[in-house]
Amino acid sequence: MHVEVTTLNQENDKTFGNEERMLEGYKTSERFRKEDFAKLSSFLGRESLKTVDDATQLEYFTEEYDNIKFQGLRHDVTARQLIEVKLLDRLTVEQLLSGQKTIDEVQKSLEKFLTKPTAIAGLYLESSKEILSFAAAAKRRIIGKALALALLEAQAATGFIIDPTTGQKFSVDDSVIRGLADTEFKSRLHEAEKAVLGYCCSGKVMSVYQAMEARLLERQKGKNILEAQIASGGVIDPVRSVRVPPETAVQLGLLNNTTLKFLHEPSSNAKCFHNPNNRKAMYYCDLLKMCLFSVSGKCFLLPVGERKISSPSAEKSHKISVVDVETGAEMTSYEAYQKNCVDKATYLELSKQEFDWRESTCFDSDGNSFLLLTDLKTGVQFNIEETLNQGRIGRALVNKYKEGLITANEFGDILASSSQPNKDLNSPVAGFWLSETNERIPVLKASRKNLVDRVTALRCLEAQVGTGGIIDPFTGKKYSVSEALQRELIDDGCVKHMQQCELIFTGIIHPVKNTVTSAVEAMNLNAVDKEMGMRCLEYQYLTGGLIDPKSHSRLTMENAIKNGIIDAVTATKMKDEKLHVKVLTCPKTKKKITYKEALERAVFDCHTGLRLLEAAQPMKTGISSLYYNS
């Protein structure tokens, strides 16, 4: 049987010493032909054959599998080798043998592990929309030489040196000739390149981890390389010249579980890169998350500038992920896909870096089921039926999603793009958000995660209850105290306190007159705590006006005085900002602030229109005294 194998045309045919790669046609072994395999399958029965694993099948098709070759990172890799590292299954090889699939198709599907430039290729200057190599950026003093070297070492250790303008890939020697790396860096880059080519000892080629164990490579340096390799697509197997997922690398002895587990633990593996915008120490994976995809070079660029275009924000449904320097366009991944600037595979890869949409079935209080689409990274949720009823999407789109014609991430992107609520100027602080991850966090959860202290959390919950209800920042919905307890938005420890706050909003029935009394009158009757009551009235005033407990409408201070909601003396004191007490600790600066200052610092969530206050990741400690006063 003859099988024709097409030539694999490489964009970078001059890469690595100008070698041209041609995959030759081959003839399958006469010793064990494909017809024989079919007879064996029939004889043994399909079920029994399924129990024979891919490794066993290699014994029958060693020559055929060795003749099917793909381009690896630095040299060809056979189908047998790809099966060994679990990047290829026997069924795909059989489809190649039968002509159902081509080499090019399989090569394309595996490009992330074989040939794709996945490291940070260069810089994107936000001011001029210009692309620069690290060497050029260092010469222009946009970044320091130390950072340029570190980023070039990461390229060399994860596959190749990349030209950021074209996306072409080069060996260290060729990159120096082309001016992508300085001559003074050459020896350091050659050393880093061993992470791809292998560390040789006693005739054996070793991976990074194996070299660490053999003490050929300093352990900290090895961990830095492994972190960069995994962030760029996988641990590199220098013998087979491929990237493999970390779990597979452990099974192959290219890594161990302990090293993998603590790669992102600063006490075990120090952060050796830094953000050129603020010099903050970072892991390579964190730098990659900041990167933009270049349409022209099909590679990743690190943005430098004050605009922070790739930074996540609660105010934007999507961050800028794609740039086209030829047109000057800066786009989200979804916009780039809609404009055919990137293919679907690239779009989905970029989208997954930003979102992780998952579907779940939930039930309301009446037992009716509904579909909920939740982004596990930001916490944003969409009730699909509600979105339909609001007219933001059509039934045809929902049907396409249910039929599997579009992925959850595509559907989520469409929902997020269609979500453009107005800013709710009467919103209290609905929750918190982390700028590093763009995650929304409810008040109680923020307290439990040590993002805010307990007192600040209680004051924020008081403001929510006193202005209409406890807020779920994922959906923007408000709930009564009892409902909030069921949904774990508050805990048992603060229920009674919140119920008192709730009376300020709902009003209190006068024990004699049997009418709804105002908050001030309720405080005079000692029905509610005076301090807490005054705080709730202040929250109402600061978020748009005092609330009439009968109509729940907002009132001007003058009308509130006329309606007996508040007296003139108390109103005058409330208007005086100098008398506002600093009742909160800012979750970002850890300084004491007033509730008015918290509202001014908050941003409006692009999904709910409600206010969110930015919080900083806490230090890994449970010591509450880390919160200090100004």
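Taking the Cβ of MET498 as the center, what net charge do the other residues with Cβ under 11 Å away carry, scoring Lys and Arg +1 and Asp and Glu -1? Result for the local shell: -3. Here the chain has 49 percent of its accessible surface on carbon and sulfur atoms, given a 1.4 Å probe and all protein chains in place. Approximating the spin labels as points 7 Å out from Cα along Cα→Cβ, the LYS449-to-LYS575 distance works out to 4.1 nm. Between 0 and 90 degrees, the angle of helix 219-231 with respect to the longest Cα principal axis of the chain falls at about 80 degrees. What lysines could a cross-link reach from LYS562, if we take a straight Cα to Cα line under 26 Å and drop same-chain neighbours fewer than 8 places away? List returned: LYS513, LYS530, LYS550, LYS573, LYS575, LYS578, LYS596. In this structure the amide hydrogen of ILE508, modeled in the peptide plane, comes within under 5 Å of the amide hydrogens of THR517, none closer than 5 places in sequence on its chain. Here the range 122-194 and the range 518-565 have alpha carbon centers that stand 63 Å from each other.
In the list (1) -0.26, -0.99; (2) -0.32, -1.02; (3) -0.46, -1.07, the label attached to log10 I(q)/I(0) by the Debye sum over Cα atoms at q = 0.05, 0.10 Å⁻¹ as derived from the coordinates here is (2). Among the trypsin sites (Lys or Arg not before Pro) in the range 172-268, those located in a DSSP loop and surrounded by at most 14 other Cβ atoms within 10 Å of their own Cβ are ARG178, ARG215. Database remark: amide H of ILE143 closer than 5 angstrom to the amide H of ALA138 (H placed geometrically; neighbours at sequence offset of 5 or more, or on other chains; Pro and chain starts carry no H). Going 7 Å from the Cα of ARG141 in the Cα-to-Cβ direction, what parts of the range 247-290 have a backbone nitrogen less than 20 Å from that spot? Within reach of a label on ARG141, which here means backbone N under 20 Å from a point 7 Å along Cα→Cβ, the range 247-290 contributes 276-279. Placing a pseudo-label 7 Å from each Cα along the Cα-to-Cβ vector at LEU348 and LEU125 gives an inter-label distance of 3.8 nm.
In order along the range 251-261, phi translates into HN-Hα couplings of 5, 8, x, 8, 6, 10, 4, 5, 4, 4, 4 Hz, rounded to whole numbers, per the Karplus curve 6.51 cos²θ - 1.76 cosθ + 1.60 with θ = phi - 60° and x for Gly and Pro. Rounded, prolate or oblate: which fits the range 244-310 when a ≥ b ≥ c are the square roots of the eigenvalues of the alpha-carbon gyration tensor, with rounded for a/c under 1.5 and prolate only if a/b beats b/c? Oblate.
Within the same chain, lysines fewer than 8 places from LYS449 are excluded, and of the rest, those with a Cα less than 19 Å from its Cα are LYS377, LYS588, LYS590, LYS591, LYS620. Think of it as helices only: each DSSP H run of n ≥ 4 in the chain is worth -39500 (n - 2.57), and spread over all residues that comes to -10500 deg cm²/dmol at 222 nm. With the charge dipole of the range 165-311 set up from +1 on Lys and Arg Cβ and -1 on Asp and Glu Cβ about the Cα centre, the Cα lying farthest toward the positive end among the listed residues PRO238, CYS299, TYR209 is that of CYS299. Is the C-alpha gyration tensor of the range 337-400 telling us rounded, prolate or oblate? Criteria: a/c under 1.5 is rounded; beyond that, a/b larger than b/c is prolate, otherwise oblate. Judged from the Cα gyration tensor, the range 337-400 comes out oblate (a/c at least 1.5, b/c at or above a/b).
For the range 132-175, the square roots a ≥ b ≥ c of the C-alpha gyration tensor eigenvalues yield an a/c of 1.5 or more together with a/b not exceeding b/c, which makes the shape oblate. Taking 0.36 nm per residue of separation and subtracting the Cα-Cα distance, full extension of the segment from GLU184 to LYS280 would add 31.9 nm. Relative to the longest principal axis of the Cα atoms of the chain, helix 495-506 runs at roughly 60 degrees. Working from label points 7 Å from Cα in the Cα-to-Cβ sense, the ILE406 to ASN526 distance is 6.2 nm. What the Cβ-Cβ distance of ARG601 and LYS112 gives, at R0 = 51 Å and to the nearest 0.05, is a FRET efficiency of 0.80. What separates the Cα centres of the range 353-425 and the range 212-264 is a distance of 38 Å.
For the residue pairs LYS145/LYS204; LYS69/LYS112; LYS352/LYS400; LYS400/LYS423, the C-alpha atoms sit more than 27 angstrom apart in LYS145/LYS204; LYS400/LYS423. Peptides 304-315, 85-96, 568-579 ranked from most to least packed, by the mean per-residue count of other Cβ atoms within 10 Å: 85-96, 304-315, 568-579.
Taken per residue, the accessible surface of the chain reaches 48 Å², heavy atoms only and a 1.4 Å probe.
The values are calculated or read from the model by the stated rules, or taken from the named source; none is laboratory data. Source: prediction; values computed, not measured. Virtual Cβ from ideal backbone geometry, glycine too; neighbours counted across all protein chains shown. Accessible surface is based on the protein model in full, side chains and every heavy atom, while ligands, DNA and RNA are left aside. Shrake-Rupley method; radii C 1.70, N 1.55, O 1.52, S 1.80 Å.
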